[in-house]
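Have a look at the structure below before the remarks.
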Amino acid sequence: MTEVEETLQRVEANGSVIATIVANAEGIPVRSTFENSKAAKYAGLLRHLTMMATSTVRDIDPQNDLTVLRIGTKNQEIMIAPESDSLVIVLQRCDG
């Protein structure tokens, strides 16, 4: 088992985690705990948002780079970690 798989399994074992998605550079899910259509919707939309956030960070400071994008809603929290060739997306329930 690869280090990435081990890390994802550890994250998924957390009781508050709803789903994990790993998408390629085009925003196509390559691994997910969601059903395919839902994973594709999240990955496609969040890829676009992450690209905009990355561009904004670089416009503010060209020497800086986006490492994690965290979005909180009433029902869940979405964390996106962009890599050069992929996105790692974790959705978790909000406590409280």
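The values are calculated or read from the model by the stated rules, or taken from the named source; none is laboratory data. Note that the coordinates shown come from a computational prediction; the quantities given were computed from them, not determined experimentally. Heads up, the Cβs are rebuilt from the backbone with ideal geometry, glycines too, and the neighbour counts pull from every protein chain shown. In case anyone asks, the SASA skips ligands and DNA or RNA and just uses the protein heavy atoms, side chains included. Shrake-Rupley method; radii C 1.70, N 1.55, O 1.52, S 1.80 Å.
Solvent-accessible area per residue in the chain equals 67 Å², computed with a 1.4 angstrom probe and all protein chains kept. Along the chain, counting only GluC sites (Glu not before Pro) with a DSSP assignment other than H, G, I, E or B and at most 14 other Cβ atoms inside a 10 Å radius, the longest segment between sites is 36-82.
Among LYS41, LYS74, the order of accessible area from largest down is LYS74, LYS41, computed with a 1.4 Å probe on protein heavy atoms.
Residue-normalised convex hull volume from the C-alpha trace of the stretch 8-52: 76 Å³ per residue. If the Kirkwood radius is taken over C-alpha pairs of the stretch 30-73, then at 25 °C and 0.890 mPa s the Stokes-Einstein diffusion coefficient equals 206 µm²/s.
Please compute the Kirkwood hydrodynamic radius of the stretch 41-96 from all pairs of different C-alpha atoms, in Å with one decimal.
Kirkwood hydrodynamic radius for the stretch 41-96: 12.0 Å.
Heavy-atom surface analysis with a 1.4 Å probe gives the chain a carbon and sulfur content of 51 percent of its accessible area. Sorted into 10 angstrom bins from 0, the C-alpha pair distances of the chain split as 16, 47, 30, 7 percent. Taking the helices alone, the chain has a mean residue ellipticity at 222 nm of -12500 deg cm²/dmol, built from -39,500 (n - 2.57) per DSSP H run of at least 4 residues and averaged over all its residues. Would you pull out the residues with amide H under 5 Å of PHE34's amide H, same chain only if 5 or more places away, H placed 1.01 Å from N? Excluding prolines and chain starts, which carry no amide H, the hits are THR20. With respect to the chain, whose longest principal axis is taken over its alpha-carbon atoms, helix 36-60 is tilted by about 30°. Against the chain, whose longest principal axis comes from its Cα atoms, helix 3-12 is set at around 70 degrees.
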